1. Tally the residues that are among the β-branched types (Val, Ile, Thr) and more than 7 Å from chain A (Cβ to nearest Cβ), restricting the search to segment B:243-284.
2. Looking at segment B:98-135 only, could you name the residues that are without any contact (Cβ under 8 Å) to a residue 24 or more places away in the chain and more than 7 Å from chain A (Cβ to nearest Cβ)?
3. Under 8 Å by Cβ, and 6 or more places apart or on different chains, what pairs join a residue from segment B:209-227 that is within 18 Å of residue B:279 (Cα to Cα) and in the same structural domain as residue B:239 (by TED's automatic domain parsing) with one that is in a helix (DSSP H, G or I) and among the charged types (D, E, K, R)?
4. For the condition outside any helix (DSSP H, G or I) and open to solvent by less than 50 Å² (accessible area, probe 1.4 Å), what is the one hit in B:102, B:116, B:107?
5. Could you say which residue among A:75, A:55 is assigned to a helix (DSSP H, G or I), more than 14 Å from chain B (Cβ to nearest Cβ) and either at pLDDT 95 or above or within 22 Å of residue B:129 (Cβ to Cβ) (or both)?
6. Could you figure out which of (1) in contact with a helix residue (DSSP H, G or I) (Cβ under 7 Å, 6 or more places away or on another chain); (2) more than 26 Å from residue A:133 (Cβ to Cβ); (3) open to solvent by less than 10 Å² (accessible area, probe 1.4 Å); (4) of a type in the set (D, E, K, R) isn't true of residue A:259?
7. Could you give every pair whose Cβ atoms fall below 7 Å, whose first residue belongs to segment B:136-152 and is in the same structural domain as residue B:90 (by TED's automatic domain parsing) and farther than 18 Å from residue A:27 by Cα, and whose second residue is of a type outside the set (Phe, Trp, Tyr) and open to solvent by 30 Å² or more (accessible area, probe 1.4 Å), counting only separations of at least 6 or pairs across chains?
8. Quick check on segment A:230-241. Is at least one of its residues more than 12 Å from chain B (Cβ to nearest Cβ), surrounded by fewer than 23 Cβ atoms within 10 Å (Cβ to Cβ) and either modelled with pLDDT of 90 or more or closer than 19 Å to residue B:281 by Cα (or both)?
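The values are calculated or read from the model by the stated rules, or taken from the named source; none is laboratory data. Just so it is clear, the model here is predicted, and its values are computed rather than measured. All Cβ positions, even for glycine, are placed from backbone atoms using ideal geometry, and neighbour counts span all protein chains on display. Only protein heavy atoms, including side chains, enter the accessible area calculation; ligands, DNA and RNA are left aside. Shrake-Rupley method; radii C 1.70, N 1.55, O 1.52, S 1.80 Å.
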Amino acid sequence: MDVKQLRKAAWIIFFVTPGLMIVGVFILLPLFMSLYNSLFSWNQLLPVEFVGLENFSRLFTKYPYQQRFLNALQNNLIWFLSTMILQNSVGLLFGYLMSRSIPGYQAFKRIFFIPVLFSIIAVGFLWGLYLKPSGLVNNFLGLIGLESLQHAWLGEERFATMAIIMVNIWRWVGFPSLVFLAAIDNVPTECLEAAHLDGVGEWKLFWKIVFPLIIPSITIITVLTVIGSLNVFEQIYTMTGLDGGPNYSTDTIGTLFYRTAFGSVDAGSPEIGIGSAIGVVIYILTFLISLISIRFSRSREVQL
Amino acid sequence: MISDLRFRGAGWGKRLFIFLMMAIMTIYVLLILYPLFNMVISAFKSNREILTKPFGFPQSIGFKNFHTVWVEKGFDRYFANSLLVTGVAMGFVLLFGSMGAYGVSRYRYKANTLVYMLFLSGIMLPLKAAIIPLFIIVKRLGLIDSRISVILIFIAMGLPSTVFILSGFMKGIPLELEYAARIDGCHDFQIYRRIIMPMTAPAIALVTIYNAVPIWNDFFFPLVFLQSNSRKTLPVGLSTFFGQHATNWSLLFTGLSIAILPMLLMYIFMSRYFIKGMTAGAVK
């Protein structure tokens with residue numbers, strides 16, 4: 001190596017090292033530590049002995065871990081499906097309407113995005129108050145004569161999860177709307193005009209031309225929904241508490257993980273081994289489901 | 001556009017469709033604006049008024065509640081902490097992120113792809129899932145209950161997307177500019193600072209909003225790492241406050257207003273940047 005090469009190498013190291021150190025210590029190292037820690041039994045913050053995959057087998061088969069884990073996982077699945085069906089399809093509709101310059105779309109666009117900026121904490125606490133038995137939602141139902149529909153929205157098992165999901169959708173619909181709006185605006189006008197001149201109707205135009213061309217953004221929104229659904233925590237924390245009440249009906253992997261790791265609830269003391277195993281499961285699920293979503297949409301993607 | 005949804009010149013079917021769709025969108029607008037409006041007027045009401053006249057206006061407008069929450073309940077500290085943590089973290093995200101992007105995009109070398117992948121590895125990994133090892137690491141560093149702990153984690157959280165967006169942008173800057181500067185005797189850091197960074201300014205604005213909003217709003221890491229009341233950020237402070245005053249709705253709505261309104265105010269003046277910045281990761 002000559003001096004010039006060495007100098008170049010030194011500059012590269014100068015530029016990338018600070019960032020890589022931080023990413024290494026706070027993202028990559030914790031990833032490997034999670035994998036490693038999940039293979040040990042723990043006493044508080046100290047590893048006791050190597051136990052192989054025992055933490056995982058306890059998580060998947062032993063009481064109460066199995067029940068809590070499957071219950072939480074099921075709720076995460078409900079979160080994912082509801083968000084895909086309700087939020088993202090409404091987002092697609094709104095995005096489409098705005099791209100077709102529906103009257104007032106500039107104002108709609110700006111207002112839809114307002115709740116996206118607020119912290120989940122503030123949104124959760126705000127709607128937590130509105131959904132109380134004496135809160136605004138029930139007051140409104142009373143006002144329009146629908147007393148029979150009044151409920152303790154966050155206190156009844158059959159409503160609590162859906163109520164929290166609706167609040168989350170309230171906060172987030174603007175995001176897919178504007179992502180889809182940008183994607184549809186990027187569809188070349190010539191394509192649409194040509195089809196339009198051939199007499200293709202609006203409905204067919206959307207499904208046959210627009211939709212296939214915006215599949216990349218649908219993939220991105222799907223992957224973000226996967227990650228978001230697996231990370232649900234603040235919403236539960238603010239509205240029904242760390243226990244995922246009533247009777248664990250709103251519990252998610254996020255809240256279960258937190259309780260296991262910091263031992264604030266049913267376990268009593270922190271369980272690092274099981275907690276790490278849950279962490280690893282979250283990593284794997286995120287990775288796998290994202291990969292499947294990307295694969296799935298790649299196979300349907302159309303290029304111009 | 002070939003099929004603008006306009007009333008003028010449209011048939012009855014299309015007019016009805018446009019009207020229905022506008023109605024749906026207007027309902028969502030009301031669902032956004034009314035709860036926010038109700039939050040603000042509730043902050044001026046007494047607890048009694050909130051319960052007996054939930055839709056009514058406050059009897060008198062006084063800022064006593066705001067004074068109580070801001071001064072006595074320590075929201076001034078929470079606010080200052082959030083500003084400090086977000087500001088310092090963002091400063092380093094932009095510095096290290098742009099340097100990393102420069103190191104990845106402006107040189108050709110063997111480990112190039114590897115370095116890039118290492119930076120990007122954080123983009124898909126949910127950092128929350130690593131809270132146990134993060135706790136152990138932060139404890140070893142002696143940073144529990146120190147604002148530095150959350151700042152470091154926020155920097156790590158912001159770097160992957162910053163390197164991703166900025167390196168894509170920097171790749172597009174012609175190499176000739178660099179050669180010219182080199183002939184004039186600039187060394188690499190000067191090229192980064194004087195030539196590449198000014199040209200990257202629009203992308204910098206984008207990543208700033210993309211990262212600053214989630215960092216400002218983050219709850220999880222400050223919840224785990226900051227215990228002293230004097231060090232808490234706004235979201236964690238709000239949570240503590242809710243725990244302490246669960247039945248005083250008037251005060252709770254005031255706290256919420258203080259937590260939410262500054263962001264809304266900023267958005268009103270810079271909505272275009274916020275929309276572009278927040279969707280930057282998902283829109284090409």
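1. The qualifying residues number 4.
2. Residues satisfying the conditions are B:108, B:110, B:111, B:112, B:113, B:114, B:117.
3. These pairs meet every condition: B:209/B:276.
4. Numbers: B:102 fails: outside any helix (DSSP H, G or I); B:116 fails: outside any helix (DSSP H, G or I).
None of the others qualify; the one that does is B:107.
5. Values: A:55 fails: more than 14 Å from chain B (Cβ to nearest Cβ).
Going through A:75, A:55 in turn, just one is assigned to a helix (DSSP H, G or I), more than 14 Å from chain B (Cβ to nearest Cβ) and either at pLDDT 95 or above or within 22 Å of residue B:129 (Cβ to Cβ) (or both): A:75.
6. Among (1) in contact with a helix residue (DSSP H, G or I) (Cβ under 7 Å, 6 or more places away or on another chain); (2) more than 26 Å from residue A:133 (Cβ to Cβ); (3) open to solvent by less than 10 Å² (accessible area, probe 1.4 Å); (4) of a type in the set (D, E, K, R), residue A:259 violates only (1).
7. B:145/B:227; B:145/B:228; B:145/B:231; B:147/B:84; B:147/B:231
8. The answer is no, given that none of the residues of segment A:230-241 is more than 12 Å from chain B (Cβ to nearest Cβ), surrounded by fewer than 23 Cβ atoms within 10 Å (Cβ to Cβ) and either modelled with pLDDT of 90 or more or closer than 19 Å to residue B:281 by Cα (or both).
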